[in-house]
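Values in this text are rule-based calculations from the coordinates and carry no lab data. Keep in mind the model is a prediction, meaning the values are calculated, not measured. All Cβ positions, glycine included, derive from the backbone under ideal geometry; neighbour counts span all protein chains shown.
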């Protein structure tokens, strides 16, 4: 690899690291601040990135790639997955800040990130279906318990309609097959 490519790559990485550290302290960072942080002129940044938006997009690409890799290596249970992400964000605190910033500042960012992760990884899609079905199963069991409890109360009190909980249970049950499918 020729030295100029190595220098450009390392300068590009320096720019991204400096930007990430600035993003952790404020949403209002400038190219001049990035340049000052790494000791180059502002125009030197333009050799690697056209504008601030391109730097932000590069940071988001790195974040998405790293999240996907973390998910792929994370394990098969929710506990293993959680531990994997905790380790990742502890070693990449700037990425956690960037993720939170994007979720709260960019409309529908969380949905688009999740959709992208599902499209890129069958494991993400399968994991989501597994978690979703476990949540549905838990809700169904809780609703069924309430329904049984309500029916017991109804038999004890003739003429009782079953109350609000029973109506909520009856209304929720027909919806379960659609949520699971």
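Structure summary
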quantity	calculated
Footprinting exposure proxy for 86, 23 (fewest neighbouring C-beta atoms within 10 Å first)	86, 23
Sequence-separation-based contact order of segment 1-106, relative, with Cα cut under 8 Å and 6+ spacing, percent	25
Footprinting exposure proxy for 97, 127 (fewest neighbouring C-beta atoms within 10 Å first)	97, 127
Potential lengthening between residue 69 and residue 105 on full extension [0.36 nm per residue; Cα-Cα distance subtracted]	10.5 nm
